[in-house]
Amino acid sequence: MTPRSLSIPKNLKTFSLASAFSAFIYPALGLILLTTMILIGGFAKSVDLVWWYLPLGLMTVVLTILVCNAGIGPLHRIMQHKAGVMKAPAQFLTMLNLMIAMQGKVQDWVNYHSQHHRFADVPGDPHNPEEGRFWAWVGWIIWRDENDMKRPMALWLRDRPVIVWMDKFYHQLSIGIHLGIPAIIYLAVWLSGGSLFLTAILHACFMIGRAIQFHATVYGINVLGHLPTPKWADYTMAMLTGGEAFHDHHHEDPQSILHLPRKGFWNRIFDYNGTLILIYEKLGWAKGLKIAPRFA
């Protein structure tokens, strides 16, 4: 089989503007917005750049990373690997968080990941690191084979109305989340006499947090997760991906809602995507959860 990095031509026909926007343009806009606000705060006498904006901005980055992972974790472990069943409230939150994370349609995500497990690290793998780190990082989402995008939604997801409906209107809902809601927030702050300066800083921090989580996922899992890495790198990437970066065992036990042992405080901190799913079970939002024997 010809490696996908060679079989997919690199031209305008295969270029995905949506993926390029998600991976590079949107993060760049966030950095530009934050830099602009810092310069305004430093040079404009009419604007105060106070010290507590820094911890507030960092908190926004952290919260955004957590929210994005709250989408990818249930998507990967339950929607993809069928390690349980989520009820409507959990499905809705997961889909909403996935749109915040700019992960694209569930239909495409699951199809690509299924191919990855079928051809892991050999020709046919959509993001095989043996074909180059750049390709495994973002090349595979920037240049697309049109046949991949025509694959139907996985059979086991078609009877989930919430998932099917939100996936169908993914682009419209995403535009509302990333353009409509910020516009409403800016308008509400302006009408109430609040600080548009602080609002812009927090908006920029949100955009940067989303970018950090996005690239930690595609690079930390697709590249580092398939290469020998030191333990500190695994745990660093795990904190940025909700535990998805604990990847060395995943292809052996893919059907598990936990990536670290159930017991242990720090296990539940580093594998917080799994912890979230356990919380969903306590709330009655998830059932039939499966845990790999080594993590039970």
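The values are calculated or read from the model by the stated rules, or taken from the named source; none is laboratory data. This structure is a prediction, so every number in the text was calculated from the model and none was measured. Heads up, the Cβs are rebuilt from the backbone with ideal geometry, glycines too, and the neighbour counts pull from every protein chain shown.
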* To do: Could you pull out the residue among 212, 269, 257 that is over 28 Å from residue 28 (Cβ atoms), β-branched (Val, Ile, Thr) and surrounded by fewer than 20 Cβ atoms within 10 Å (Cβ to Cβ)?
  => 269
* Asked: Based on what the data block shows, is residue 170 surrounded by fewer than 17 Cβ atoms within 10 Å (Cβ to Cβ), aromatic (Phe, Trp, Tyr) and either more than 17 Å from residue 217 (Cα to Cα) or in contact (Cβ under 8 Å) with a residue 12 or more places away in the chain (or both)?
  -> no
* Within region 15-55, work out how many residues are closer than 30 Å to residue 145 by Cβ and in a helix (DSSP H, G or I). => 14
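Select from region 4-46 the residues that are among the charged types (D, E, K, R) and within 26 Å of the chain's Cα centre (by Cα) and list them in ascending order.
Selection gives 4, 10, 13.
Restricting to region 124-133, name every residue that is touching an Asp or Glu at 6+ places or on another chain (Cβ under 9 Å) and either assigned to a helix (DSSP H, G or I) or of a type in the set (Val, Ile, Thr) (or both).
Here is the first cut: in region 124-133, the residues touching an Asp or Glu at 6+ places or on another chain (Cβ under 9 Å) are 125-126, 128-131.
Residues satisfying the conditions are 129, 130, 131.
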* **Subset tally (residues that are in a helix (DSSP H, G or I) and either more than 22 Å from residue 132 (Cβ to Cβ) or not β-branched (Val, Ile, Thr) (or both)) for region 227-254** => 10
* Structure fact -> When residue 47 is run through (1) modelled with pLDDT of 95 or more; (2) surrounded by 14 or more Cβ atoms within 10 Å (Cβ to Cβ), the failure sits at (1)
* Asked: In this structure, does residue 280 turn out to be in contact with a Phe, Trp or Tyr (Cβ under 9 Å, 6 or more places away or on another chain) and surrounded by 15 or more Cβ atoms within 10 Å (Cβ to Cβ)?
  -> no
* Asked: Residues in region 82-123 that are among the charged types (D, E, K, R) and assigned to a helix (DSSP H, G or I): how many?
  -> 2
* If you check 204, 188, 183, which single one turns out to be in contact (Cβ under 8 Å) with a residue 60 or more places away in the chain and either within 18 Å of residue 17 (Cα to Cα) or of a type in the set (Gly, Ala, Ser) (or both)? -> 204
* Asked: What pairs come up if the first residue lies in region 211-229 and is within 18 Å of residue 18 (Cβ to Cβ), the second is surrounded by 18 or more Cβ atoms within 10 Å (Cβ to Cβ) and among the charged types (D, E, K, R), and their beta carbons are under 7 Å apart, counting only those six or more places apart or on different chains?
  -> 217/244
* Of all residues in region 50-76 being in contact (Cβ under 8 Å) with a residue 40 or more places away in the chain and surrounded by fewer than 18 Cβ atoms within 10 Å (Cβ to Cβ), which is nearest to residue 167 (Cα to Cα)? -> 66
* Please work out if residue 136 is under 18 Å from residue 218 (Cβ atoms) and part of a helix (DSSP H, G or I). => yes
* Looking at (1) closer than 19 Å to residue 161 by Cα; (2) assigned to a loop (DSSP other than H, G, I, E, B), find the lone condition where residue 79 falls short. => (2)
